[in-house]
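Engineer: One structure, pasted below without further comment.
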Amino acid sequence: RGAKGMFWYCWKQTGDWSGSQKQGMGWNPPTAELVKQVIAEFKVFSQALLVPGAKHLTSADGLVLAILAGDDATGRFLVYVNGDLTKASDSTIEVSLPDGAILEPLFGGPKASLKGGKVALKAPALATGAFRVTLP
């Protein structure tokens, strides 16, 4: 909500990706792979998040926060997060998209349907996801 950037703190990274020094991301390959994956995904829609006029949205059950951002130049994206540690969301998000808009799930995420200006979305606890939005 209103964040202007994203960063990671790399604890005492030595450049040792072998793990032999038992420090940094090389000591924890799953963390290193996850950070690389998140950065790659973020690069897909990061420029769209900077376009003025993004819409901040909340699901009907209050668990999922989303942002609808972008324009013709950057592409349009609906990015969401369910930050609750234990509760899954099976809810809707009201969006100002015309019927016929296409929501393409990105990064192997689940599909969602758009009807009457509402996106029906299932988001497990601690889930994130993104859709490329194509207008009719």
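The values are calculated or read from the model by the stated rules, or taken from the named source; none is laboratory data. Treat the numbers as computed from the prediction; the structure is a model and nothing was measured. Cβ placement follows ideal geometry from the backbone for every residue including glycine, while neighbour counts extend to all protein chains displayed. Calculation scope for accessible area: heavy atoms of the full protein, side chains included, ligands and nucleic acids excluded. Shrake-Rupley method; radii C 1.70, N 1.55, O 1.52, S 1.80 Å.
Engineer: Residue by residue through the stretch 91-113, note down the ones that are in contact with an Asp or Glu (Cβ under 9 Å, 6 or more places away or on another chain) and under 14 Å from Phe77 (Cβ atoms).
Structural biologist: Leu106, Phe107
Engineer: I would also like to ask the following. Go through the stretch 114-136 residue by residue and tally those that are of a type outside the set (A, V, I, L, M) and within 24 Å of Thr86 (Cα to Cα). Explain how you work it out, then say what you get.
Structural biologist: Filtering the stretch 114-136 down to residues of a type outside the set (A, V, I, L, M) leaves 115-118, 122, 124, 128-129, 131-132, 134, 136.
In the following step, the residues that additionally are within 24 Å of Thr86 (Cα to Cα) were identified as 122, 124, 128-129, 131.
Number of matching residues: 5.
Engineer: Considering the stretch 119-131 alone, what residues qualify as being open to solvent by 60 Å² or more (accessible area, probe 1.4 Å) and modelled with pLDDT of 90 or more?
Structural biologist: Correct list: Lys122, Pro124.
Engineer: Could you list, in sequence order, all residues of the stretch 66-101 that are touching a Phe, Trp or Tyr at 6+ places or on another chain (Cβ under 7 Å), among the hydrophobic types (A, V, I, L, M, F, W, C) and farther than 18 Å from Lys115 by Cβ? Talk me through it step by step, then tell me what you get.
Structural biologist: Here is the first cut: in the stretch 66-101, the ones touching a Phe, Trp or Tyr at 6+ places or on another chain (Cβ under 7 Å) are 66, 69-70, 77-79.
Pick out the ones that are also among the hydrophobic types (A, V, I, L, M, F, W, C) and you get 66, 69, 77-79.
The answer is Ala69, Phe77, Val79.
Engineer: Something else about it: Restricting to the stretch 103-136, what's the tally of residues that are out of contact with any Leu (no Cβ under 9 Å at 6 or more places or on another chain) and free of Cβ contacts under 8 Å to residues at least 24 places away in the same chain?
Structural biologist: Qualifying residue count, the stretch 103-136: 4.
Engineer: Can you pull out the residues in the stretch 118-136 that are of a type outside the set (Val, Ile, Thr) and under 20 Å from Asp72 (Cα atoms)?
Structural biologist: If we filter the stretch 118-136 for residues that are of a type outside the set (Val, Ile, Thr), which is where we start, we get 118, 120-127, 129-132, 135-136.
If the condition is that a residue be of a type outside the set (Val, Ile, Thr) and under 20 Å from Asp72 (Cα atoms), then Ala130, Phe131, Arg132, Leu135, Pro136 are the ones that fit.
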